[in-house]
Ligand SMILES: [Zn+2]
Ligand SMILES: [Zn+2]
């Protein structure tokens, strides 16, 4: 058998969706941060073990293999499971019971969808290969994906699929795009120093505020000339601090900002380019320079083959006319690191209940409708089997 049995999948979902939604509510009510996710992992492990599966622990998360135990898994499904340090402002009966924390990015939905997909696939009589379902912590704090890579969890996998909640799309709508679907975001801190002095005698010290002004205007301007304009590179400073008195040149000033870029190629060269430009601008001012450049995540780059598999899976669940091509987001997503090891495709899962107002991700009032979960389960199950079928040996 190389195809999923759609009737069997539908029946499984109809019979079990209530239990999966209960797990979603349990996780939503108990949001956990970063790698510190024991309650979430417990809520996921229990139904997997009850179904006779053998989840494997790794720091902050678990993964489980579905299919013939003698076979190496070739296809992966990934859910992130961590929450945000944001107070929840909904009045849901299953709202967060932990003060100052919430599932405002919908990772409770991702966890439930992947759990449902794992159990639904396990109920299929003969899969055309094994599937690994990964429940990853620490997406928001950006360490989880790297841990999954470092633990070797992706080593046997040829393709991995993931969905992210999309509050701008209604339940029943799914989206994905070829190539980059999220962006890179890096952090920059620049510290300039001089001896400080009287504003009457700027020639006896380095004029720190003048130097900062040059960096703030020259860096974005030079980047726009040195980098392909199609890369959408955007350097924006979010803070500038120096000085206290009108007639004293400060001895120190600090600038911080973010660099966002749509293109993977330009992202790879961004740090070197930024350092080069800042060093050359500051060199003429006489100030001394310290720079911290922290690379965040690269863009998630959807692979040609995996994108087709995911799109086909989406169309078979909601129909071609309900699958759209989203704009590339300027947000970051650490699933991108999986793409350094294997082919990946990330999709958008519409979660807004029709007729309700849009509540955005990372807002305390964000609500994802339970009705999106069964659509997510069916999509990931179809994608997994579709990928196994296309790469059959
Ligand atoms: Zn988020
Ligand atoms: Zn998220």
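Structural remarks
- Residue match in region 256-267 (condition: in contact (Cβ under 8 Å) with a residue 60 or more places away in the chain, in a helix (DSSP H, G or I) and either touching a helix residue (DSSP H, G or I) at 6+ places or on another chain (Cβ under 8 Å) or closer than 26 Å to residue 340 by Cα (or both)): yes
- Top-ranked residue of region 124-165 - restricted to ones that are at pLDDT below 95 and closer than 26 Å to residue 50 by Cα, ranked as surrounded by the fewest Cβ atoms within 10 Å (Cβ to Cβ): 125
- For region 128-139, the criterion of being at positive phi and away from ligand 1 (no atom under 16 Å from the Cβ) is met by at least one residue.
- Looking across 188, 223, one residue alone is outside any strand (DSSP E or B) and away from ligand 1 (no atom under 16 Å from the Cβ). It is 223.
- Test result for residue 116, over 20 Å from residue 306 (Cα atoms), away from ligand 1 (no atom under 14 Å from the Cβ), out of contact with any strand residue (DSSP E or B) (no Cβ under 8 Å at 6 or more places or on another chain) and modelled with pLDDT of 95 or more: yes
- Which numbered condition residue 117 fails, given (1) in a loop (DSSP other than H, G, I, E, B); (2) in contact (Cβ under 8 Å) with a residue 12 or more places away in the chain; (3) away from ligand 2 (no atom under 16 Å from the Cβ): (1)
- Criterion: in a strand (DSSP E or B) and away from ligand 1 (no atom under 16 Å from the Cβ) - qualifying residue of 162, 169, 206, 200: 169
- Of all residues in region 293-300, none are surrounded by fewer than 15 Cβ atoms within 10 Å (Cβ to Cβ), modelled with pLDDT of 95 or more and assigned by TED's automatic domain parsing to the domain that holds residue 217.
- Top-ranked residue in region 96-113 [being in contact with a strand residue (DSSP E or B) (Cβ under 8 Å, 6 or more places away or on another chain) and farther than 30 Å from residue 9 by Cα; ranked as surrounded by the fewest Cβ atoms within 10 Å (Cβ to Cβ)]: 101
- Test: residue in region 268-282 that is outside the structural domain of residue 218 (by TED's automatic domain parsing), at pLDDT below 95 and out of contact with any strand residue (DSSP E or B) (no Cβ under 7 Å at 6 or more places or on another chain): no
- Residue 4 closer than 20 Å to residue 378 by Cα, touching a residue at least 12 places away in the same chain (Cβ under 8 Å), under 27 Å from the mean Cα position of the chain (by Cα) and buried (at least 21 other Cβ atoms within 10 Å of the Cβ): no
- Conditions (1) in the same structural domain as residue 156 (by TED's automatic domain parsing); (2) at pLDDT below 95; (3) more than 16 Å from ligand 2 (Cβ to nearest atom): number failed by residue 332: (3)
The values are calculated or read from the model by the stated rules, or taken from the named source; none is laboratory data. Here the structure is a predicted model, which means the values were calculated and not measured. Counting neighbours? That spans all protein chains shown, and the Cβs are built from the backbone with ideal geometry, glycine included.
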